[in-house]
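Take a look at the structure set out below.
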């Protein structure tokens, strides 16, 4: 049984494997489009609800005209069909977005479907299906087995292959009691055996919640979506007044307009383009987050992400590689560099910390060597809180020690050896560079300093520069002393840093930033990050983190990638820009529609108004039909844009506005003139046949 | 033409200077803590607590109640006119619908007159109703404008000021002194200021002529400073006693624009965002100059039908040329165009020419400006109206740059958007709704002075003028019927309060919000780019709303004129 999906079908690649109009999803969406005609569902969207009411009115008028004015029947029927199409297109857009979101989430869920689980009971172990596991159940997972449910490791340590979920091939360590105890269903234990506690009931996992967010019934509108809906409703109301009053106006002018034409005009004027695509845009935003392997717990979180102006980042793991690395050996006066390198190598032989290993690596690179014999008989001295140093005793009675400078200096003094006068200078030098000085001694005589430096991740400086162009300020948090913190902050290019910070300080800091009016995002994984994650406007928890952190956060990153915040911010901005662009486009379209329809309906009363027919549309009827057809067709034509989102570039607000105004504002004015004229030409062509 | 443009430029430059001067003064009126002795006396007499801090709800209810009471008082006085003193002509009371219309008109700063002043109102009514309301309606608008700006200047603090204090200060410190100074200048220029009823003159033919005099100068000053507009004489500011010299004509224009333009500076000053204040001023000015250019060129071009039959309408050294029908020759086309643009921009409604006689495109300008209602606008409310569109523009711009929208660093959410759109909606609903009603109401069409598109324009103009609280009339329409009196009265009340109250609520809501700092990702509203977008939003939203109505009125008239159609 292998639930590991082949690479081509991994979640990240869904975009490529399934086109925007994937036949299967489109078929589902088409069915849904009809179901969504239900007025009770429609009423959630005031713009399209008005269209639906109008459609029913036109249907009634058309049926009635079949009996009384057969000449008007064809026109009425055509308008009715077009209005119905408008509704279906809008519903289709929403349903397609939902279907894609669902498919995306389900492909993540597929990895965990129906696995066998070994549940621990009071009298032993029973084998059950993963679907019956409930919150609080304990499950044992051994080597080569799949994790049956989301949970927390409570016993043991395992190396886990998470590639099915994250697409990342390097295995990760998950260990009880650490900040990396979160474990995801569908991943596989490579080595080790663990007991995990299930953290969610069936159907209640974060992924299930996210699926709920994209589906119609449970979906709640986000604050900005509500505000925009209000605005669109108000525009609809204005155009309702404009069209209704046109009836008395036309009666006064001596030629009443037919109700069918009025409804057609109304539907053309109200912002159906954005009204029809609005919910699809929101769902697609969630979907894009999911594609980036981020599970958002609310639509609001994605929306707020676009507003974030302050990023709080942990130094370790986010800005720098996880651990400090030895970068330089600095001997005191009278000692050779080779000697120091050798001593440092020997002192670190039994040191298994990443720092110790990096000393060994650096020493070997610089040519230091140790004979096999001394290696075999050596004895390691582990670091303890009491000794505050570590080291090695070589067989020949050579004692090598390394530790903080004050401790080693004390050691030398106790042995009656002088502390080299330039030691303090060397140590300070290292600290000023942002590195940690480690002093090495041989037989209680100080040899020199090893500089342990944080290695800033490659490319991080460019990312911060990009963030700055997007209007975001980055604040680095570190437990280091101010000197070190400053040096790293400078190297990484963050805007601000907080040194000597304790985990609790994050919460206070977020609070402070928020009081100043900033919207703060942070990423975290540990249990002591949980309060800060909850307080942050966007709290992104790493999937590898503790359950507490994941509960507190409003987004979870399946890849556990600390730089993911950048993508999340972009997705949020893209979501808002798409809404704004399509609203502008929709309203700008009205200019051309006025020039098409107004002369058409009043040319009988005032022949001079023909001058306003600047598109030279053939007949009043073809003009009205062309406008309505354009209005209906533009919705499916814009579905790709709504689902993919308008592209976002960090070029500054003014440049962005210019760009979008030109494309969607000016474009929105020009495109319908061309489109309506073309449709009119086609209609004329058809009628000649 | 050059002389005309220079005249206009001089006036606009003076206006800009005065805006900064008076705007700074207004900012002090709205913010200084101390009270004048006269004010303290007033507060004590009326039992007002001048230190009370009002929420927007309290402020708005004080405003509405005061206005309601004053309107009721005005209505009663007009209804009881026959039994009240100072009625030498023994004029009968106004009919219920006319009294309602008059009271609504003056309490809303509209000053639409369905009646002829001389033959309908006693001296007591003129003083106790008309002049009184002219002051307090202007004071109400300006107080609301001040409170609105004060609210925008606050963050995390829900109180927006004290209505009683604002009203008192605006009256004592702004309207009374300004009106007094202006009245003195008017008197110097030859505007009558007397309590004698008039003089009897003998004409060249030997016939006796009664020339009406009265306290004209004092009325003229508050009429324009308070953007009121009702005239002493029926021909309003075209009358030589209301507007005797080119200087008084220029002063009329400057007085009308004085406070609406100054409030942009007051805004910049009170929020310490001077650039933003000037940007709003610039927005007003761009729209103003655009409309002015339209009416000026349309009037100067004259009527092509007259040219066809041989009339010379060209501008030469010997003649002003253009369309002079209904214009006072003393002012010429440039000064008349400027006056027309000003009076309908600042919603004053006084006229120095007959708007009914403008060319179709010239006539479109007053209509369009009142429909937009944001080209400087009325006392205090003009600025508030501008902010409606600013919020709309900022909302769309915010989205387009990828931020949830904010204005002055405050997030715009569903609440602010609903209130703003409510205010935006009330204006077209009233104008188009009542116009449509008048067109189908039995008998209402018999008031029309002209058939066809021009008749439509007359009705449209009346309700636009009423809703925009302008008060100017296109003339041609006999509005003194129960139907028009009632519906126009309602239009004035809707236009005034259904935009003012929601916007005060918006201000109150914004005042309570915390302010977010500007970052590189947020959009600055202090740039020319924003000004440009704002102008576009105003024109597009206004245009889309009113284009059909304008197409059936002035635009079709213009096309008919070009096609050579006559009636």
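General remarks:
- Within the stretch A:321-352, if we keep just the residues that are assigned to a strand (DSSP E or B) and surrounded by fewer than 24 Cβ atoms within 10 Å (Cβ to Cβ), the residue that is farthest from the chain's Cα centre (by Cα) turns out to be A:331.
- For the stretch A:598-620, the criterion of a residue being part of a helix (DSSP H, G or I) and either more than 14 Å from chain B (Cβ to nearest Cβ) or under 30 Å from residue A:542 (Cβ atoms) (or both) is satisfied by at least one position.
- Answer residue from the stretch A:311-320, given it is in a strand (DSSP E or B) and closer than 30 Å to residue A:284 by Cα and is modelled with the lowest pLDDT among those: A:313
- For residue A:474, the criteria (1) assigned to a helix (DSSP H, G or I); (2) within 14 Å of chain B (Cβ to nearest Cβ); (3) touching a strand residue (DSSP E or B) at 6+ places or on another chain (Cβ under 7 Å) hold in every case but one, which is (1).
- Residue selected from the stretch B:168-189 under the condition under 21 Å from the mean Cα position of the chain (by Cα) and crowded, with 22+ Cβ neighbours inside 10 Å, by the criterion farthest from residue B:139 (Cα to Cα): B:182
- Looking only at the stretch B:510-543, and only at residues there that are closer than 30 Å to residue B:53 by Cβ and more than 7 Å from chain A (Cβ to nearest Cβ), the one that is farthest from the chain's Cα centre (by Cα): B:518
- Filter result (touching a residue at least 40 places away in the same chain (Cβ under 8 Å) and surrounded by 22 or more Cβ atoms within 10 Å (Cβ to Cβ)) within the stretch B:430-447: B:430, B:431, B:432, B:434, B:435, B:438
- Checking residue A:37 against (1) free of Cβ contacts under 8 Å to residues at least 60 places away in the same chain; (2) surrounded by 13 or more Cβ atoms within 10 Å (Cβ to Cβ); (3) assigned to a helix (DSSP H, G or I), the condition it does not meet: (3)
- Residues of the stretch B:489-509 that turn out to be more than 24 Å from the chain's Cα centre (by Cα) and within 14 Å of another protein chain (Cβ to nearest Cβ), as a count: 1
- Residues of the stretch A:531-559 that are buried (at least 24 other Cβ atoms within 10 Å of the Cβ) and part of a helix (DSSP H, G or I): A:532, A:533, A:549, A:550.
- Restricting the stretch B:544-567 to residues that are more than 8 Å from every other protein chain (Cβ to nearest Cβ) and surrounded by fewer than 17 Cβ atoms within 10 Å (Cβ to Cβ) leaves a set whose member that is farthest from residue B:464 (Cα to Cα) is B:564.
- Complete set of residues in the stretch A:511-528 that are without any contact (Cβ under 8 Å) to a residue 60 or more places away in the chain and under 26 Å from residue A:153 (Cα atoms): A:528
- Test: residue in the stretch B:335-349 that is surrounded by fewer than 23 Cβ atoms within 10 Å (Cβ to Cβ) and part of a loop (DSSP other than H, G, I, E, B): no
- Residue tally, condition at pLDDT below 90 and either assigned to a loop (DSSP other than H, G, I, E, B) or under 15 Å from residue B:540 (Cβ atoms) (or both), over the stretch B:381-411: 7
- Residues that are without any contact (Cβ under 8 Å) to a residue 12 or more places away in the chain and assigned to a helix (DSSP H, G or I), drawn from the stretch B:307-326: B:307
- Residues of the stretch A:466-477 that turn out to be surrounded by fewer than 23 Cβ atoms within 10 Å (Cβ to Cβ) and modelled with pLDDT under 85, as a count: 3
- Within the stretch B:160-206, the set of residues being at pLDDT 90 or above and in a loop (DSSP other than H, G, I, E, B) comprises B:160, B:162, B:190, B:191.
- Residue A:355 satisfies every condition listed in (1) within 35 Å of the chain's Cα centre (by Cα); (2) surrounded by fewer than 16 Cβ atoms within 10 Å (Cβ to Cβ); (3) in a helix (DSSP H, G or I) except (2).
- Residue in the stretch B:416-427 that is more than 9 Å from chain A (Cβ to nearest Cβ), out of contact with any strand residue (DSSP E or B) (no Cβ under 6 Å at 6 or more places or on another chain) and either under 30 Å from residue B:354 (Cα atoms) or not in a helix (DSSP H, G or I) (or both) present: yes
- Given (1) within 12 Å of chain B (Cβ to nearest Cβ); (2) crowded, with 20+ Cβ neighbours inside 10 Å; (3) closer than 30 Å to residue A:61 by Cα, number of the condition residue A:254 does not satisfy: (2)
- Every pair of residues 6+ apart whose Cβ atoms lie under 8 Å, when the first sits in the stretch A:644-658 and is more than 7 Å from chain B (Cβ to nearest Cβ) while the second is part of a loop (DSSP other than H, G, I, E, B) and at pLDDT below 90: A:644/A:20; A:650/A:470
- Among residues that are in a helix (DSSP H, G or I), under 23 Å from the mean Cα position of the chain (by Cα) and surrounded by fewer than 21 Cβ atoms within 10 Å (Cβ to Cβ), residue B:293 is included.
- Unique residue being outside any helix (DSSP H, G or I) and either within 11 Å of chain B (Cβ to nearest Cβ) or touching a residue at least 60 places away in the same chain (Cβ under 8 Å) (or both) when the list is A:308, A:226, A:244, A:283: A:308
- Restricting the stretch A:419-448 to residues that are under 12 Å from residue A:332 (Cα atoms) and out of contact with any strand residue (DSSP E or B) (no Cβ under 7 Å at 6 or more places or on another chain) leaves a set whose member that is surrounded by the most Cβ atoms within 10 Å (Cβ to Cβ) is A:445.
- Being under 24 Å from residue A:398 (Cβ atoms), out of contact with any helix residue (DSSP H, G or I) (no Cβ under 7 Å at 6 or more places or on another chain) and part of a loop (DSSP other than H, G, I, E, B) holds for only one residue in A:479, A:416, and it is A:416.
- In summary, residue B:40 fulfils each of the numbered conditions (1) part of a helix (DSSP H, G or I); (2) without any contact (Cβ under 8 Å) to a residue 60 or more places away in the chain; (3) within 28 Å of the chain's Cα centre (by Cα) with the single exception of condition (3).
- Taking the stretch B:43-91 as the range and being in a loop (DSSP other than H, G, I, E, B) and over 30 Å from residue B:505 (Cα atoms) as the test, the residues that pass are B:80, B:84, B:85, B:86, B:87, B:88, B:89, B:90, B:91.
- Odd one out for residue B:99, checked against (1) touching a residue at least 60 places away in the same chain (Cβ under 8 Å); (2) surrounded by 22 or more Cβ atoms within 10 Å (Cβ to Cβ): (1)
The values are calculated or read from the model by the stated rules, or taken from the named source; none is laboratory data. The structure displayed is predicted, hence computed values, not measured ones. As a convention, Cβ positions derive from the backbone with ideal geometry for all residues, glycine included, and neighbour counts pool all protein chains shown.
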